[in-house]
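Take a look at the structure set out below.
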């Protein structure tokens, strides 16, 4: 799936350079820890959509997210959406 496919399927405008990971430098465990503060989001070969949905799938109306917490939540939701397409 390419960036044009993401736009066509989700309607999300993709602007800028693609984000790539050198698998020799970072693996899914490193990415989980960096973005979500835990390595429990992994499954073999990637990040578990089930874990993303369970952890970030619902948000109370009273909950106000800021800073790194908001950033992690947005990243998780986008990753989940793209991962289940």
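The values are calculated or read from the model by the stated rules, or taken from the named source; none is laboratory data. Computed from a predicted structure; not experimentally measured. A quick note on method: Cβ atoms are made from the backbone with ideal geometry, for glycine too, and the neighbour counts reach across all protein chains shown.
Table: residues versus (1) modelled with pLDDT of 80 or more; (2) assigned to a loop (DSSP other than H, G, I, E, B).
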{"position": "13", "(1), (2)": "no, yes"}
{"position": "16", "(1), (2)": "no, yes"}
{"position": "21", "(1), (2)": "no, yes"}
{"position": "30", "(1), (2)": "no, no"}
{"position": "58", "(1), (2)": "yes, yes"}
{"position": "74", "(1), (2)": "yes, no"}
{"position": "78", "(1), (2)": "yes, no"}
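Can you find a residue in the range 36-51 that is assigned to a helix (DSSP H, G or I), touching a helix residue (DSSP H, G or I) at 6+ places or on another chain (Cβ under 8 Å), surrounded by 13 or more Cβ atoms within 10 Å (Cβ to Cβ) and modelled with pLDDT under 70? No: the range 36-51 contains no residue that is assigned to a helix (DSSP H, G or I), touching a helix residue (DSSP H, G or I) at 6+ places or on another chain (Cβ under 8 Å), surrounded by 13 or more Cβ atoms within 10 Å (Cβ to Cβ) and modelled with pLDDT under 70. One residue stands out in the range 60-72 among those that are over 11 Å from the mean Cα position of the chain (by Cα) and in a helix (DSSP H, G or I): the one that is surrounded by the fewest Cβ atoms within 10 Å (Cβ to Cβ), namely 67.
Out of the range 59-85, which residues are under 13 Å from residue 37 (Cβ atoms) and in contact (Cβ under 8 Å) with a residue 40 or more places away in the chain? Passing the criteria: 75, 76.
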